[in-house]
Amino acid sequence: MSVKLEYDGEFAHISLNRPEVLNALSFEVLSELSSALTRVAESDARALIFTGAGEKAFCAGADIPELMNRPLMQELEGAAKGQAVFNQIAALKIPSIAVIHGYAFGGGLELALACTFRVATERAKVGLPEVKLGLIPGYGGTQRLPRLVGEGRALDMIMSGRTVAAEEAERIGLVNRIDNEGSPLEIGKRYLEPYLKHSLCALFFAREAVQRGGRTGLEDGLRIERDLSTLAYRSDDAAEGLRAFVEKRPANFKDC
């Protein structure tokens, strides 16, 4: 199986499992990944961790031989499929993290960009090298990268196709942290554990406010924040959180 889904307590763990080809994203892998994401969304998991099998790569990108000699409509459908699968990641109600250990190029980096957070080991190398093949990113890279690091830095990476090391990736905000302690799964769990004490509803509303607001002007963004803040107040978790504060005790959130 090219995509492995396992559960570890409150964590779901998806591992790309093709180390012999640096965990490349074939169209079959994308289909398996979509199915795994559907199962995660239907599960009781409260966070999702992505890793890649082996020591060399998180995911080295698309399976290049599959991309050759395709009719125009197949090329369009291929990009739409990759975007749809990565949109599944971005739409999850739970926080997600990509632990980038080794290479994350092309579609591999685009997968990581769809996650809520990204952590790198010091060996991580990331980039969108499609321009070197006469192509451009097609699974969301031209849209998610500038929203994360700014248009100038994104254009530099996309138009040069250059490789970015872990230290630079952290400096420009492409990854949230560099961590070398333990396995990729342990790194992901350690990063996400502080979030699990909070209400998943509040975490989702907060992420929606930031991401939706970032795609519009300030006035509309404030309206989005106002509406989502009001929705948060109507949740049982908000009532519990306020009571717990007044009663000086830890809140017992139920994620609703």
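The values are calculated or read from the model by the stated rules, or taken from the named source; none is laboratory data. Quantities reported herein were computed from a predicted structural model and do not represent experimental measurements. Don't worry about glycine lacking a Cβ; one is built from the backbone with ideal geometry, like all the others, and counts go over all protein chains shown. Surface areas here come from the heavy atoms of the whole protein model, side chains and all, with no ligands, DNA or RNA. Shrake-Rupley method; radii C 1.70, N 1.55, O 1.52, S 1.80 Å.
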Inset, instruction - Mind listing whichever residues of region 178-193 are out of contact with any helix residue (DSSP H, G or I) (no Cβ under 8 Å at 6 or more places or on another chain) and open to solvent by less than 50 Å² (accessible area, probe 1.4 Å)? - result: Ser183, Pro184, Leu185, Ile187, Gly188, Lys189, Tyr191, Leu192
Legend entry - Residue pairs meeting the criteria (Cβ under 7 Å; at least 6 apart or on separate chains; first of a type in the set (S, T, N, Q), in region 234-253; second assigned to a loop (DSSP other than H, G, I, E, B)): Ser235/Cys256
Legend entry - Positions within region 145-167 being part of a helix (DSSP H, G or I) and open to solvent by less than 30 Å² (accessible area, probe 1.4 Å), in sequence order: Leu145, Val149, Ala154, Met157, Ile158, Ala166
Inset, instruction - Grab the strands (runs of 3 or more DSSP E) fully contained in region 2-84, keeping just those with 2 or more residues being open to solvent by less than 30 Å² (accessible area, probe 1.4 Å) and of a type in the set (Ser, Thr, Tyr). - result: none
Inset, instruction - Give the residue that is most open to solvent (accessible area, probe 1.4 Å), with candidates limited to residues of region 92-144 that are farther than 18 Å from Phe58 by Cα and part of a helix (DSSP H, G or I). - result: Lys132
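How many of the residues in region 34-77 are of a type outside the set (Gly, Ala, Ser) and closer than 21 Å to Leu135 by Cβ? Break it down stepwise before answering.
Our first condition is that a residue be of a type outside the set (Gly, Ala, Ser); within region 34-77, this holds for 37-40, 42, 44, 46, 48-51, 55-56, 58-59, 63-77.
Then drop every residue that is not closer than 21 Å to Leu135 by Cβ, which leaves 58-59, 63-77.
Looking only at that region, the number is 17.
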Inset, instruction - Determine whether Pro184 is touching a strand residue (DSSP E or B) at 6+ places or on another chain (Cβ under 6 Å) and assigned by the TED database to the domain that holds Lys125. - result: yes
Legend entry - Conditions (1) open to solvent by less than 90 Å² (accessible area, probe 1.4 Å); (2) part of a helix (DSSP H, G or I); (3) touching a strand residue (DSSP E or B) at 6+ places or on another chain (Cβ under 9 Å): number failed by Phe204: (3)
